[in-house]
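This report refers to the structure that appears directly beneath it.
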Amino acid sequence: MNQTITLGGGGTSAGVLAAATILAYGVWVGRRDLGVRAMWGVLLTVAATTMVPYVVPITALGVFLGAVPGRAPTAVIAALLGIGTTALAFVPLYVAVNWLEVIRRETRARTPLA
């Protein structure tokens, strides 16, 4: 059984795990509504960041085919695309942490002072 978490290409595995975790946290603290909204927000972010690595190289290929002297070498552009897709893998985790803070703030606001 393969138990690796893929971070390249949008971080789908880590993003889905973050969505499930933030949903569970929302239910645990009694704010199921915020947990569901957070889950969908993270999943939509996963979908959006997963599409970027497929769209950007196709667009970059058009630039490469019409290359003009003086442009950056293909290897440099490919390296930048690789770094960019790895950075995109952490965007769903950032969204999940942001939602975690929203849920914590809302549950603190509802808790009566002792």
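Here, each number is a calculation from the coordinates, and none is a lab measurement. Keep in mind it's a predicted model, so treat the numbers as computed, not measured.
Couplings 3J(HN,Hα) for segment 36-42, derived from phi with the Karplus relation 6.51 cos²θ - 1.76 cosθ + 1.60 (θ = phi - 60°), are 5, 4, 5, 4, 5, x, 5 Hz, where x marks Gly and Pro. Taking amide H atoms as placed 1.01 Å from N in the peptide plane, the amide H of Ala89 lies under 5 Å from those of Gly10, each 5 or more residues away in sequence or on another chain.
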